[in-house]
């Protein structure tokens, strides 16, 4: 049976009338009308639907909308202010952090959640944090470069000298120390 | 997902009253919603437990720690009551799924889902923890190593809710460790292993007590009695640890599946058991 409730998305209250089995992902896209949040795997693995609820990064495909009543939901649409893109968005544009774009809202929300907690992560911390945000265009190094540009305050410096960029990408490769098999 | 009624009780009593045979408790939902999508559960009512504050607490109790069943994996991994003392548990909570999953998934959900590969099950078995189960008539404790009956099946009775996990005080000269191997960063464990070691008061090279638990190599997470017996009373050296690894491998009952073959899993049990014992041993000596 449908129920009326209020969802607070990006600081705005939205009245919605939804079934209890409505997922946050569906409610955002189809009831609130914010289609920036994308559906990928639908089983909490790919990260495309990542949004922030009460400060925590979650998969909207595994979250009930009804469970988000009274909570603060942040989506990609809430990042730009007064027509100006958020630094992470500008970085993704300037450093080529996306190709087809479907994973991008999730990537940026994941990065935002990390930087909200820890404004100075290492590249390894960024990799580990974002390891469940898949990109099928294989753009990971540019995604990493984009996030690190924000961390290092280098957004808006424009595209750097190609040799500098190549050296930087090499250094990102070399810090590749995934810890998934070394749990302890 | 098929339609269901949604209830979000504010107290445990209210929740227990709602848990009829047609109802299913919702913790993080990272397993439940997938089961509902696949029609593996027929519940017509979902009882969301996340709005019951007392179920989410992590607090010191009886010299040990009491972890509410709804405590998030991320909170568990970050808890200063657990880190440093119960290292195996901290390490397991930090590697479950992704940050998106750890921000939804709960300790109680990980146990009640009863996956043979549940990453927090083996550390709790090694640490000698008990699950607290409540129903309308009262509460009881079930040792975590008796909680699992088979894949997806627990010793919880109809209408009973897993409310907390009680981890006993860590004895002096004791330490624990967790090891696992996975196929990709986000996959469930091919094998996991937790070890607990308590050293003799007079001889810091001799093991007074050991508990070793293995995951994803049987229908439930399991203790390996032969490896534990091999360690108990022994002075720890390469030969003893090697033998304990062999014992664990022979106690394992792995299957071939899409993630790995049984032979590979058995070999990994041997390797991870050895590593976990050495790590737990060094922690017990205060060296790591």
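Put simply, of B:80, B:11, B:75, B:98 the only residue that is over 25 Å from residue B:197 (Cα atoms), out of contact with any strand residue (DSSP E or B) (no Cβ under 6 Å at 6 or more places or on another chain) and away from chain A (no Cβ under 12 Å) is B:11. Of the candidates A:102, A:73, the single residue that is under 24 Å from residue B:34 (Cβ atoms), touching a residue at least 60 places away in the same chain (Cβ under 8 Å) and away from chain B (no Cβ under 14 Å) is A:102. Highlighted here are the strands (runs of 3 or more DSSP E) found entirely within segment B:1-83 that include at least 3 residues which are within 30 Å of residue B:168 (Cα to Cα): B:23-26, B:58-61, B:64-68. For the structure I just gave you, tell me whether residue A:69 is at pLDDT 90 or above and more than 30 Å from residue B:275 (Cα to Cα). Spelling it out, residue A:69 is indeed at pLDDT 90 or above and more than 30 Å from residue B:275 (Cα to Cα).
The set of residues from segment B:249-288 being outside any helix (DSSP H, G or I) and more than 14 Å from chain A (Cβ to nearest Cβ) comprises B:252, B:253, B:254, B:255, B:256, B:257, B:258, B:261, B:285, B:286, B:287. Any idea which residue in segment B:30-65 is nearest to the other protein chains (Cβ to nearest Cβ), counting only those that are within 25 Å of residue B:279 (Cα to Cα) and touching a strand residue (DSSP E or B) at 6+ places or on another chain (Cβ under 6 Å)? Once the filter is applied, the top-ranked residue is B:65.
To keep it simple, each residue is scored yes or no on (1) within 12 Å of chain B (Cβ to nearest Cβ); (2) outside any helix (DSSP H, G or I); (3) closer than 30 Å to residue B:281 by Cβ; (4) at pLDDT 95 or above.
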residue: A:98; (1), (2), (3), (4): no, yes, no, no
residue: A:111; (1), (2), (3), (4): yes, no, no, yes
residue: A:120; (1), (2), (3), (4): no, yes, no, yes
residue: A:163; (1), (2), (3), (4): no, no, no, no
residue: A:173; (1), (2), (3), (4): no, no, no, no
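Of the residues in segment A:35-46, how many are facing chain B (nearest Cβ under 10 Å) and either surrounded by fewer than 21 Cβ atoms within 10 Å (Cβ to Cβ) or assigned to a strand (DSSP E or B) (or both)? So the answer is 3.
Counted as qualifying within segment B:129-248 are no strands (runs of 3 or more DSSP E), as none has 2 or more residues that are surrounded by 16 or more Cβ atoms within 10 Å (Cβ to Cβ) and without any contact (Cβ under 8 Å) to a residue 12 or more places away in the chain.
The single condition from (1) crowded, with 20+ Cβ neighbours inside 10 Å; (2) modelled with pLDDT of 95 or more; (3) more than 29 Å from residue B:282 (Cβ to Cβ) that residue B:98 fails is (2).
Screening the candidates A:49, A:100, A:137, A:61 for the property of being assigned by TED's automatic domain parsing to the domain that holds residue A:16 and either surrounded by fewer than 20 Cβ atoms within 10 Å (Cβ to Cβ) or under 11 Å from the mean Cα position of the chain (by Cα) (or both) yields one hit, A:49. Note on segment B:107-118: among residues that are in contact with a strand residue (DSSP E or B) (Cβ under 6 Å, 6 or more places away or on another chain) and touching a residue at least 60 places away in the same chain (Cβ under 8 Å), the one that is nearest to residue B:28 (Cα to Cα) is B:108. Considered as a group, the residues in segment B:84-95 that are assigned to a loop (DSSP other than H, G, I, E, B) and at negative phi include one that is nearest to the other protein chains (Cβ to nearest Cβ), and that residue is B:86. For segment B:57-72, the tally of residues that are crowded, with 18+ Cβ neighbours inside 10 Å and in contact (Cβ under 8 Å) with a residue 40 or more places away in the chain stands at 8.
The values are calculated or read from the model by the stated rules, or taken from the named source; none is laboratory data. Computed from a predicted structure; not experimentally measured. For neighbour counting, all protein chains shown are included, and Cβ atoms are generated from backbone atoms with ideal geometry for every residue, glycine included.
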